[in-house]
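Undergrad: Just dropping this structure here.
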Protein chains: 4
Amino acid sequence: MASKTGRAKKAKAESPASTRLLATRLATIAREFHARRWALGTSGNYSVVLQRDPLQLLITSSGLDKSALSPNDFLDIDPDAGVIRGKGKPSAEAFLHLAVARNTHAGCILHTHSVWNTLLSERHANISGLAIAGYEMLKGLQGVTTHVHREWIPILENSQDVPALAEKVSSLLQRESSLHGFLLSGHGLYTWGTDIAEARRHVEILEFLLEVVGRREFSGAVASFD
Amino acid sequence: MASKTGRAKKAKAESPASTRLLATRLATIAREFHARRWALGTSGNYSVVLQRDPLQLLITSSGLDKSALSPNDFLDIDPDAGVIRGKGKPSAEAFLHLAVARNTHAGCILHTHSVWNTLLSERHANISGLAIAGYEMLKGLQGVTTHVHREWIPILENSQDVPALAEKVSSLLQRESSLHGFLLSGHGLYTWGTDIAEARRHVEILEFLLEVVGRREFSGAVASFD
Amino acid sequence: MASKTGRAKKAKAESPASTRLLATRLATIAREFHARRWALGTSGNYSVVLQRDPLQLLITSSGLDKSALSPNDFLDIDPDAGVIRGKGKPSAEAFLHLAVARNTHAGCILHTHSVWNTLLSERHANISGLAIAGYEMLKGLQGVTTHVHREWIPILENSQDVPALAEKVSSLLQRESSLHGFLLSGHGLYTWGTDIAEARRHVEILEFLLEVVGRREFSGAVASFD
Amino acid sequence: MASKTGRAKKAKAESPASTRLLATRLATIAREFHARRWALGTSGNYSVVLQRDPLQLLITSSGLDKSALSPNDFLDIDPDAGVIRGKGKPSAEAFLHLAVARNTHAGCILHTHSVWNTLLSERHANISGLAIAGYEMLKGLQGVTTHVHREWIPILENSQDVPALAEKVSSLLQRESSLHGFLLSGHGLYTWGTDIAEARRHVEILEFLLEVVGRREFSGAVASFD
């Protein structure tokens, strides 16, 4: 199951001994993202790939206040989102994290709900995506080496049927292998990286670019601008 | 008087011994909300239900700088807003807190004056409310389990006759039992929760959603958007 | 000279012993206002009335970085802006502070350059002022007891001839005795209070209200709104 | 090479002993600018002129997370961007820093990627620059003594051919000697000062002014405003 796409590797697997450290780093990111208004209330969830075969994720427990997350608020889950270690239950969106982990080289997956990603995910839902092109900041995305780049961020329709949504995420990622993230309409952003630092940087870069596009598109100055 | 709606319960009553702790937690929230620009100057006020029958609230004293609130800046009041314990006088808006406490299951009531809640409370005053629908973030409101939800936030006309306004709040809450908050036009937001953590989360969620709606509606991009 | 308007009083005079404490409090406010983006770079200046007859002010030295102001960065000046104590030279705008001190009950005078006060001071310069009405937050201004209040904030044309500008400020304050502040076009806000706490609160309240009005007026949604 | 324009001076040269201190100050600025959202992810780079003849710069290493920069993350480079001391490789944009150092009196050069400088660098790219006039805040720029000043900020087309872009920067700075900064389209702002404090102040002033202009131009209220 973990090798569905052929891209999954044993790489990124983490020894149990380091799990606590990873939870500490994710908890720090969770509190930072809350302070930066990217994941308020109980929104947002975060995971790290602990092992590839079989797939094992460290992921935020469900329903916790993201301003006060601690290293104890993470669980180890198996490929079916069953709890291997830790208390509480995994986020309902664990299936989306598993789908991303299976279909990319991600070592870390981060999900945010910012004002600008919410607004743009709604505004562009009818064309199922958003293109961002021409900005130097795009070079902050792994593998992008020039501002002459068009980053396509697909938008999937939000749904409470998370397993079905996870299937759509898997299809999307198998179809388009160069993505750095996707949006769920009226919901938020998923992005990832080969490790925690790269995933966190992708959130910063994409949230910046979405704010730039958002301020431009929601400005009433679009007509004279384009 | 405390059992007007039949929903009031002895539950939430707090022992005097824990009152100091509650005041400490509310003071922390007050300073946090000031820092987040939700209650500047002397605006904003905060209460906890100490006892249900007869009703007793712990509430902010009137006229204090919310950036420097301490646990000593709270009073115990009776159902007529008379001071039971503490110095200073209760906020003029104590009657609104009492009305919310009587007519909901609230254990904590929080009132904020943000830029976006002010702008939207004014813009939608003529239709006496604002509907927010379709956002995943709505699930941060107690009892909401899907983004396919329409949250109605009523807007009452602001008034300096607080007892009369409190009567309108009571009528509103008896008429519409599924509300999570309401706005006073040109004034601010009232929301609540069964405990302090839930009330604080409701502020975060509603302020986020009001910012999303506010940025969309005050963008000049509404026409092309809808 | 200090009793020009008849409103000046010996009141507010501070003993030399307390001057250091006042400088410490103003320096704290200066750093706070910098952090809140109300006075970046070397912009902004702050004073306290030390003595009424003859008039003596404690005021920021000229040209200092407001993110790092210390209690040593203040001077005592006489009614002609001559230095009584301290090193450095007073801000060129000392004459404006003196004009406010002479013509109001101010014990503390604060001047900020925010994005929103700059934008509105420019937009409304042609009608020489800005009215703000109907907001509960107006009650944070000294003497205002209801949201049914129209606060007029005059706008004077900016000038580098500060003594001449100070004359215009004096005339304005003698003509309109109920003001809480005024704007200089493309420049910033002057406000004051009977003490430091009231003046600081007036900055918070006016900056909040200017942001509300600014977001509304610069939204492209004005037509459908009014 | 370092004396191309005749304006370069031995002045500003720093003894090796003080290099560590300069790196510490630049690292502090880097973390501050990240926190202020002026240089997210790995964007932004910063340099100090260590020596004029031959030219020697202390500059940020390439590709580092700007939220966690330390004094070890800087290199000494020669006039061809070769590393004299330190590990890692210099930013690709080192050639732009060298071009600014050669053609101005700069002792420190700072480069930021903010939302507003990105938006305006794109919007005004077709006329190759942006004029800002009439604001008191302009006086925060070195040598400007009145708000009756028109600051021209040229915009160069962004390019990944940095040496060629550096040639254009040199030509620009030789042609227009009174500039305080320039923009690269869709990329960001370069500004400088005779020392670190002045360069940092120029970033604050220019970012403030770009926000003012940006909020006005992207407001949908332009027509009624002008």
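Undergrad: Looking at A:SER178, A:SER185, A:SER114, can you tell me which residue is in contact with a Lys or Arg (Cβ under 9 Å, 6 or more places away or on another chain) and among the polar types (S, T, N, Q)?
TA: Within the list A:SER178, A:SER185, A:SER114, the selection yields A:SER114.
Undergrad: Considering only region B:45-64, state which residues are out of contact with any helix residue (DSSP H, G or I) (no Cβ under 9 Å at 6 or more places or on another chain) and of a type outside the set (Gly, Ala, Ser).
TA: B:GLN51, B:ASP53, B:PRO54, B:GLN56
Undergrad: Checking the conditions here, which among A:VAL213, A:VAL144, A:VAL203, A:VAL148 is surrounded by 15 or more Cβ atoms within 10 Å (Cβ to Cβ), within 12 Å of another protein chain (Cβ to nearest Cβ) and not in a helix (DSSP H, G or I)?
TA: After applying the criteria, what remains is A:VAL144.
Undergrad: Residue check, B:GLU157 against (1) surrounded by 15 or more Cβ atoms within 10 Å (Cβ to Cβ); (2) in contact with a Ser or Thr (Cβ under 7 Å, 6 or more places away or on another chain), all met but one. Which one?
TA: Exception for B:GLU157: condition (1).
Undergrad: Check A:GLY86, A:GLY129 and return the single one that is over 18 Å from A:VAL169 (Cα atoms), more than 14 Å from chain D (Cβ to nearest Cβ) and either without any contact (Cβ under 8 Å) to a residue 12 or more places away in the chain or not aliphatic (A, V, I, L, M) (or both).
TA: After ruling out the rest, the residue left standing is A:GLY86.
Undergrad: Please find, within region D:160-173, the residue that is farthest from the other protein chains (Cβ to nearest Cβ) out of those that are open to solvent by 10 Å² or more (accessible area, probe 1.4 Å) and of a type outside the set (Gly, Ala, Ser).
TA: Filtering first and then ranking leaves D:GLU167.
Undergrad: Consider B:SER185 carefully, then state whether it is small (Gly, Ala, Ser), within 14 Å of chain C (Cβ to nearest Cβ), within 30 Å of C:VAL213 (Cβ to Cβ) and under 18 Å from the mean Cα position of the chain (by Cα).
TA: When the stated conditions are applied, B:SER185 passes them.
Undergrad: Another question about this same structure. Residue check: is A:ALA81 touching a Phe, Trp or Tyr at 6+ places or on another chain (Cβ under 9 Å) and open to solvent by 10 Å² or more (accessible area, probe 1.4 Å)?
TA: yes
Undergrad: Run B:SER219 past the list (1) part of a helix (DSSP H, G or I); (2) hydroxyl-bearing (Ser, Thr, Tyr); (3) closer than 24 Å to A:ALA39 by Cα and report the number of the one that doesn't hold.
TA: The one condition B:SER219 does not meet is (1).
Undergrad: Which residues, taken from region B:41-72, are within 18 Å of C:GLU136 (Cα to Cα) and in contact (Cβ under 8 Å) with a residue 40 or more places away in the chain?
TA: Scanning region B:41-72 gives B:SER43, B:GLY44, B:ASN45, B:TYR46.
Undergrad: Taking region B:87-116 as the search range and keeping residues that are surrounded by fewer than 24 Cβ atoms within 10 Å (Cβ to Cβ) and within 16 Å of B:LEU75 (Cβ to Cβ), which one is nearest to the chain's Cα centre (by Cα)?
TA: B:PHE95
Undergrad: With respect to the numbered conditions (1) part of a helix (DSSP H, G or I); (2) surrounded by fewer than 21 Cβ atoms within 10 Å (Cβ to Cβ); (3) within 14 Å of chain C (Cβ to nearest Cβ), which one is the sole condition not fulfilled by B:LEU119?
TA: B:LEU119 satisfies all of (1) part of a helix (DSSP H, G or I); (2) surrounded by fewer than 21 Cβ atoms within 10 Å (Cβ to Cβ); (3) within 14 Å of chain C (Cβ to nearest Cβ) except (2).
Undergrad: For region D:152-182, which positions are part of a loop (DSSP other than H, G, I, E, B) and farther than 20 Å from D:ALA199 by Cβ?
TA: Of everything in region D:152-182, those that are part of a loop (DSSP other than H, G, I, E, B) and farther than 20 Å from D:ALA199 by Cβ turn out to be D:GLU157, D:ASN158, D:SER159, D:GLN160, D:ASP161.
Undergrad: Would you be able to tell me the number of residues in region C:174-199 that are in contact with a helix residue (DSSP H, G or I) (Cβ under 6 Å, 6 or more places away or on another chain), buried (at least 22 other Cβ atoms within 10 Å of the Cβ) and farther than 14 Å from C:ILE153 by Cβ?
TA: So the answer is 2.
Undergrad: On to the next question. Give the residues of region D:54-77 that are modelled with pLDDT of 95 or more and surrounded by fewer than 16 Cβ atoms within 10 Å (Cβ to Cβ), sorted by residue number.
TA: Of everything in region D:54-77, just one residue is modelled with pLDDT of 95 or more and surrounded by fewer than 16 Cβ atoms within 10 Å (Cβ to Cβ), namely D:PRO54.
Undergrad: Suppose we keep only residues that are touching an Asp or Glu at 6+ places or on another chain (Cβ under 9 Å) and not in a helix (DSSP H, G or I) within region D:78-105. Which one would you say is farthest from D:GLY193 (Cα to Cα)?
TA: Result: D:GLY88.
Undergrad: Next up: Regarding region D:189-197, can at least one residue be identified that is within 26 Å of C:HIS124 (Cβ to Cβ), touching a residue at least 24 places away in the same chain (Cβ under 8 Å) and outside any strand (DSSP E or B)?
TA: No, region D:189-197 contains no residue that is within 26 Å of C:HIS124 (Cβ to Cβ), touching a residue at least 24 places away in the same chain (Cβ under 8 Å) and outside any strand (DSSP E or B).
Undergrad: Next question. Considering only region C:124-135, state which residues are surrounded by fewer than 21 Cβ atoms within 10 Å (Cβ to Cβ) and over 23 Å from C:VAL100 (Cβ atoms).
TA: C:ASN126, C:ALA133, C:GLY134
The values are calculated or read from the model by the stated rules, or taken from the named source; none is laboratory data. Since we're looking at a predicted model, the values are computed, not measured. Ideal geometry is used to build each Cβ from the backbone, glycine not excepted, and the neighbour counts take in all protein chains shown. For accessibility, only protein heavy atoms count, side chains too; no ligands or nucleic acids. Shrake-Rupley method; radii C 1.70, N 1.55, O 1.52, S 1.80 Å.
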